[in-house]
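Trainee: Here it is: the structure, laid out below.
The values are calculated or read from the model by the stated rules, or taken from the named source; none is laboratory data. What you are looking at is a predicted structure, and each value in this text was computed from that prediction instead of being measured. Ideal geometry is used to build each Cβ from the backbone, glycine not excepted, and the neighbour counts take in all protein chains shown.
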Amino acid sequence: MHAAEINYAILLSDMMEGLLSSLQIFALTLLIGLPLGLVLAGGRMSRHRVISLPVQAYLLVMRGTPLMLQLFFFMYGPYYILGYTGISRFGAVIVAFSLNYAAYFAEIYRGGLESIPVGQYEAAATLGFTKGQTFFKIILPQVVKRVIPPMGNEFMTLVKDTALARVIAFSEMFDVAQKAASGHNSVIPFIVAGAFYLAMNAIVGQCFVAAEKKLDYYR
Amino acid sequence: MRMLSARNICKRFGDAEVLRDISLEVDQGQVVAVIGPSGSGKSTLLRCINQFETIDSGEITVCGKKMVSFDERLQRTVYADKDTLRKIRLDLGMVFQNYNLFPHFSVLRNITEAPVSVLGKPRREAEAEAKVLLSKMGLSDKAEQYPYQLSGGQQQRVSIARAMALSPKILFFDEPTSALDPELTGAILRVIRALAQEHMTMVIVTHEMAFARDVADHIVFMDEGVVVESGTPEEVFFRPKEERTQRFLQRYFEDRAG
């Protein structure tokens with residue numbers, strides 16, 4: 001049995017649509033996960049155990065269980081546990097990705113924060129900077145420089161992880177490719193999908209190279 | 001006028017008694033050098049006065065403002081409210097052993113950032129003042145450089161300019177030359193000497209005995225958390241009364257000679 005010839009124009013336009021969904025996951029995960037990760041890092045480093053212990057447990061669970069499992073949990077958990085049916089597939093995807101990636105970001109921020117010498121805080125204090133000024137003017141800019149290389153890894157992994165959203169039937173690029181592949185008995189859609197991921201990550205990689213270069217003016 | 005009065009300060013880290021009933025008085029325009037072997041508590045004393053450490057008992061008054069006092073009824077030290085502590089902080093400048101410049105700011109911005117964002121000075125005014133300070137430090141050509149581009153001695157002079165930009169009433173130095181090569185310490189010592197000639201009130205923790213002798217009006221010799229001896233440089237260096245002081249100075253100058 002021969003499958004229908006692939007119409008490349010249709011394949012490409014379908015996959016572009018899927019790509020858009022993948023990009024949405026990527027962008028929203030960063031938009032929520034990056035600030036949330038910073039808050040979690042602060043909680044993880046808190047001197048108060050009532051704060052640091054729960055955050056530590058959270059980081060363990062989110063980093064210690066599969067993202068795929070978390071996707072299922074946020075998709076079906078609200079209904080099975082609370083009887084709530086209002087969560088969309090896209091909503092579940094964004095919640096799972098953001099919460100999961102925030103945990104990884106938190107540990108990266110923590111590494112960056114802990115690498116800043118205590119003398120920076122002391123110098124800022126003697127100069128009369130408030131805690132907020134110290135953090136945003138003195139500490140955070142230095143942390144950003146230090147977390148760029150590990151963040152680059154996470155961003156690239158995130159690009160590829162967006163493919164996981166299809167496990168709860170959210171149609172993103174990989175889902176489109178997989179359906180096209182089985183519909184046409186062809187491996188070409190997979191190759192196209194691979195090229196798309198590769199291209200996205202090439203762009204991500206270039207952005208990080210540029211960011212590193214931009215912050216190269218000091219050591 | 002009394003600028004700083006620290007009385008009967010005690011401080012312990014766990015089982016270690018780092019400061020045992022230490023008192024230090026500093027008058028306006030006075031240059032006090034705190035000397036003594038490593039681990040004698042000199043730096044800890046500075047850190048207590050600059051609010052990096054809390055004291056266990058005793059009291060500290062800065063420019064007439066009570067920073068911390070001992071409450072007889074509560075039987076513990078009570079610190080002033082946040083606002084007062086902040087004001088006191090701005091009366092005090094600090095120069096660290098490791099400079100602690102902000103690496104992501106240019107030399108100029110290192111100096112201007114606090115006047116602009118803490119005191120609310122217009123940036124232009126702060127920059128003009130910073131340039132005056134830099135020329136005093138012999139660093140006029142370094143304003144646009146970043147700390148990593150400077151030698152240790154230059155970085156330390158920037159950090160002195162940074163502290164001076166807030167016009168502190170007392171300037172503290174925590175072993176300002178200890179991280180520097182001997183040939184670089186000269187410039188730092190010259191800057192401190194120039195500040196002394198302008199009657200800047202200073203407290204200097206240092207290992208440079210010859211410098212302490214030349215520039216300070218008052219020497220405090222500390223060992224094992226107590227003030228062993230204090231007085232004029234004449235008294236402490238040439239006629240030390242305590243055997244501990246004699247031994248320390250003898251060993252110090254012998255090492256230098258050898």
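Trainee: Consider B:Q145 carefully, then state whether it is more than 9 Å from chain A (Cβ to nearest Cβ), over 26 Å from B:L24 (Cα atoms) and assigned to a loop (DSSP other than H, G, I, E, B).
Mentor: yes
Trainee: Would you please list the contacts, defined by Cβ atoms under 9 Å and residues six or more apart or on different chains, that run from a residue in segment B:69-93 that is at the interface with another protein chain (Cβ under 10 Å from one of its Cβ atoms) to a residue that is of a type in the set (F, W, Y)?
Mentor: From residues that are at the interface with another protein chain (Cβ under 10 Å from one of its Cβ atoms), the pairs are B:L92/B:F172; B:G93/B:F172.
Trainee: Sticking with this one: I'd like the full set of residues that are of a type in the set (A, V, I, L, M, F, W, C), in contact (Cβ under 8 Å) with a residue 24 or more places away in the chain and farther than 23 Å from A:F26 by Cβ, limited to segment A:101-148.
Mentor: Narrowing segment A:101-148 to residues of a type in the set (A, V, I, L, M, F, W, C): A:102-103, A:105-106, A:108, A:113, A:116, A:118, A:123-125, A:127, A:129, A:135-136, A:138-140, A:143-144, A:147-148.
Checking the rest, the ones that are also in contact (Cβ under 8 Å) with a residue 24 or more places away in the chain come to A:102-103, A:105-106, A:108, A:113, A:116, A:139, A:143-144, A:147-148.
A:L113, A:I116, A:I139, listed by residue number.
Trainee: Another question about this same structure. Residues being in contact with a Ser or Thr (Cβ under 6 Å, 6 or more places away or on another chain) and outside any strand (DSSP E or B): count how many of those fall in segment B:1-28.
Mentor: 1
Residue-by-condition table, conditions (1) touching a helix residue (DSSP H, G or I) at 6+ places or on another chain (Cβ under 6 Å); (2) modelled with pLDDT under 95:
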position	(1), (2)
A:G128	yes, yes
A:I138	yes, no
A:A177	yes, yes
A:A181	yes, yes
A:S186	no, yes
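Trainee: Is there a residue in segment A:133-144 that is within 18 Å of the chain's Cα centre (by Cα), closer than 16 Å to A:A41 by Cβ and not charged (D, E, K, R)? If you could, list the steps in order and put the result at the bottom.
Mentor: Quick first cut of segment A:133-144, residues within 18 Å of the chain's Cα centre (by Cα) only: A:144.
Applying the additional criterion that residues be closer than 16 Å to A:A41 by Cβ yields A:144.
Restricting the remaining residues to those that are not charged (D, E, K, R) gives A:144.
So far as segment A:133-144 goes, yes, one or more of its residues are within 18 Å of the chain's Cα centre (by Cα), closer than 16 Å to A:A41 by Cβ and not charged (D, E, K, R).
Trainee: Looking at segment A:1-60, which of the residues that are small (G, A, S), more than 20 Å from A:L113 (Cβ to Cβ) and within 16 Å of the chain's Cα centre (by Cα) is surrounded by the fewest Cβ atoms within 10 Å (Cβ to Cβ)?
Mentor: Within segment A:1-60, the match that is surrounded by the fewest Cβ atoms within 10 Å (Cβ to Cβ) is A:A27.
Trainee: Just to be sure, is A:P117 surrounded by fewer than 16 Cβ atoms within 10 Å (Cβ to Cβ) and not basic (K, R)?
Mentor: Yes: the conditions hold for A:P117.
Trainee: Name the residues in segment A:77-91 that are surrounded by 13 or more Cβ atoms within 10 Å (Cβ to Cβ), free of Cβ contacts under 8 Å to residues at least 40 places away in the same chain and part of a helix (DSSP H, G or I), would you?
Mentor: Selection gives A:G77, A:P78, A:G91.
Trainee: In the set B:E127, B:E113, which member is within 14 Å of chain A (Cβ to nearest Cβ) and of a type in the set (D, E, K, R)?
Mentor: After ruling out the rest, the residue left standing is B:E113.
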